[in-house]
Amino acid sequence: MSKMDPTMPFHDGELQAQARAGVGDVAQWAGGFIRDHLPEQHRSFHSALPFLVISGGDADGRTWVTLLDGPDGFITAPDPRQITLNTTLDPADPLAAALTAGTDIGALGIDLATRRRNRFSGHMARTATGLAIAIRQSFGNCPQYIHARAWARVPRGTPRPATHGTALSPAQIARIRAADTMFIGSGHPGDAQAASTGYDASHRGGAPGFVHVASPTRLQIPDYAGNNFFNTIGNILCNPRIGLVFVDFDTGGLLHLSGRARIDWDPRNAKDPDAWRAIDVEIDAVIDRPGAVGLRWARQDHLTRRLRLAGRRIETDEITSFVFEPLDGRPLAPFKAGQHLPVEVQIPSQSTPAKRSYSLSGAPGDTGQYRLSVKREAKGQVSRLLHDRLQLGDVIDAHPPAGDFVIPCSHCPLVLVSAGVGLTPMVSMLHATAGQDRPVWFVHGARNGRAHALRAEVDHLLARHDTLQRYRVYSRPDASDILGTDYDAPGRLTADHLRALEAGPEAHYMLCGPAGFLADIRSGLEAAGVPAAQIHFETFGPHGPSGARHG
């Protein structure tokens, strides 16, 4: 695929960053996750948001990030290729002139309450009723590092005047050092026909103070493991101009920064043990806008529950199941099959807890315990702590279950497709559908029987319910694995195996596994005529677009 191919999802800077990070040929599988339109699920998501994060450039060539808010329903998606905004722009907004004149923009829709987010890029234009964005690229993101907050509207008064500067004041430095959330904007002014041209808006989060203030004009931002697209990093390699915005969640104030950045690839220089690299920022301009948005946010820490490890079971050499019970004895929040549990654990030698999200692998409806089946990742600080240090009786913190990778219909046939540890939400879905009057196929790919977690549990469910069927593919079966008994086919699990099931035109396919696996399965199903709306997916691991969900 040539650099000038307009279908190429990445530009030279992003490809260079991917190569430098050693994440392989991301473009080979990423096309299945980057679209030139908004799927129906994303259209509904954005239309329900109270604000939108926008990045772009001003007339002087500086990059900025801002938040646009408005009344209920101010964001609409009249069709898959357009977003409309019924709102007014404060003249003090650093992007006010650019947005009303029409420009390339990057956008991030994020729901801090549910920790969902989706990103897109496009071109802004003024219409008779407001603003419209023509979509160029769209893709989802994982909930890692998002701090849950509930929002509320307040009467919009007259905001205090904005202040301008070229360096941070002591009060502004204090706000940044206390912040656990920021938004970053970057851009790549490439070929007008290229899908990768334009701006990107992205979320960054961490423990309070995760952004290091080196001086009133210099910041260091840790860069954690993510989706391996390297949109921000790649943009900076081509164009060092970036914008940042810090939100005062208590007052609605916005602190906008514009400057130039460079990438420090040595993680030893980052002041965060979780960081894989760092973004060093030289500040050129500061705009402080008190009370800029008519929204206020509150942390949801009161919803955190303390959970005690009540049991652990080794499933394979790499995967262990952990059963947690509430420390206070009160019923746990219910969850839907397919959802994940955000957890916090204390890493020795670190001052703040590390946060991860793991799919719940147990039966929904059990309010007495949660089960997580976790793969030990060689570089995963949290997964290594769970496997190597967590003992019976030890306590962790957890937020309520979340996520929208859930069973989409009540009666349709379901094909549950997974590879490796991707089976964890599928086992929960198998529990949820056992006994229902509809056909369900549990399709799984593993190396062999020794690497096949939760097999006995699945077999038990299959034996008890005639509506449940299975299909197993082992890529490297052992001599002890019996074809036709332990597994159904050798090799790699593909869309051809799924087509052979003849699940019917009404079937919905739930997919979970490594990104490359999902991209192949999804493209194969779509090529066979399965509507995109009937294919639902969730990635896992450090090489997928959903980050380290299970890592």
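None of the figures in this text is laboratory data; all of them are computed from the coordinates on show. Computed from a predicted model, the values in this text were never measured in an experiment. As a convention, Cβ positions derive from the backbone with ideal geometry for all residues, glycine included, and neighbour counts pool all protein chains shown.
Points worth noting:
- Potential extension, ALA101-ALA434 segment - 0.36 nm per residue separation minus Cα distance: 114.3 nm
- Scattering profile of region 302-398 at q = 0.12, 0.14 Å⁻¹ [log10 I(q)/I(0), Debye over alpha-carbon scatterers]: -0.35, -0.48
- Separation of alpha-carbon centers, region 48-74 and region 373-405, rounded to whole Å: 36
- Taken about its Cα centre, the chain carries a charge dipole of about 900 debye when Lys and Arg each add +1 at the Cβ and Asp and Glu each add -1 at the Cβ.
- Long-range HN-HN contacts of ASP93 with modeled amide H, under 5 Å: none
- Cβ-derived FRET efficiency at R0 45 Å, ARG306 paired with THR166, nearest 0.05: 0.45
- Here the 3J(HN,Hα) profile of region 505-519, calculated from phi with Karplus coefficients 6.51, -1.76 and 1.60 at θ = phi - 60°, is x, 8, 5, 10, 10, 9, 10, 8, x, x, 4, x, 4, 5, 4 Hz, Gly and Pro shown as x.
- Under 5 Å between amide hydrogens, built in the peptide plane, is the criterion, and for TYR224 it picks out TRP276 among residues at least 5 positions away or on other chains.
- Taking all Cα pairs closer than 8 Å and separated by 6 or more residues, the relative contact order of region 302-398 comes to 36 percent.
- With the charge dipole of the chain set up from +1 on Lys and Arg Cβ and -1 on Asp and Glu Cβ about the Cα centre, the Cα lying farthest toward the positive end among the listed residues THR66, LEU372, PRO170 is that of PRO170.
- Once the Cα gyration tensor of the chain is diagonalised, semi-axes √(5λ) in Å: 40, 26, 22
- Segment VAL154-ILE482, extension gain: residue separation times 0.36 nm, minus the distance between their alpha carbons: 111.6 nm
- A dipole drawn for region 414-539 from +1 and -1 charges on Cβ atoms has a positive end, and of HIS497, PRO477, ALA507 the residue lying farthest that way is PRO477.
- Computed lengthening from TRP276 to HIS37, 0.36 nm per intervening residue step minus Cα-Cα distance: 82.9 nm
- In terms of other Cβ atoms within 10 Å, CYS512, CYS238, CYS409 run from fewest to most in the order CYS409, CYS238, CYS512.
- Dimensions (Å) - region 13-95, Cα atoms, principal axes, largest first: 44, 36, 17
- Neighbours of ARG305, meaning other residues whose beta-carbon lies under 14 angstrom from its beta-carbon, give a summed charge of -2 when Lys and Arg score +1 and Asp and Glu score -1.
- For region 33-47, backbone phi angles converted through the Karplus equation (6.51, -1.76, 1.60; θ = phi - 60°) give residue-by-residue couplings of 10, 9, 10, 9, 7, 9, x, 4, 4, 6, 4, 5, 4, 5, 5 Hz, Gly and Pro being listed as x.
- Unit charges at the beta carbon, dipole of the chain: most positive-side option, GLN391, GLN41, ALA128: GLN391
- In loop segments of region 454-510 as defined by DSSP, the trypsin sites (Lys or Arg not before Pro) with at most 13 further C-beta atoms inside 10 Å of their C-beta are ARG492.
- Taken about its Cα centre, region 384-538 carries a charge dipole of about 300 debye when Lys and Arg each add +1 at the Cβ and Asp and Glu each add -1 at the Cβ.
- For the chain, the relative contact order works out to 13 percent when only alpha carbon pairs closer than 8 Å and six or more residues apart are counted.
- A simple rule links phi to the HN-Hα coupling: the Karplus curve 6.51 cos²θ - 1.76 cosθ + 1.60 with θ = phi - 60°, which for region 100-113 gives 6, 7, x, 6, 5, 9, x, 9, 10, x, 9, 10, 5, 6 Hz, with x for Gly and Pro.
- Theoretical ellipticity at 222 nm over the chain - DSSP helices of four or more residues, -39500 (n - 2.57) apiece, nearest 500: -4500 deg cm²/dmol
- Exposure proxy order (Cβ contacts within 10 Å, fewest to most) of LEU244, LEU525: LEU525, LEU244
- For region 262-401, size of Cβ-based charge dipole, Lys and Arg +1, Asp and Glu -1, in debye: 400
- Counting other Cβ atoms within 10 Å as a rough exposure proxy, the listed residues LEU332, LEU303, LEU38 run LEU303, LEU332, LEU38 from fewest neighbours to most.
- Database remark: amide H of ILE535 closer than 5 angstrom to the amide H of TYR509 (H placed geometrically; neighbours at sequence offset of 5 or more, or on other chains; Pro and chain starts carry no H).
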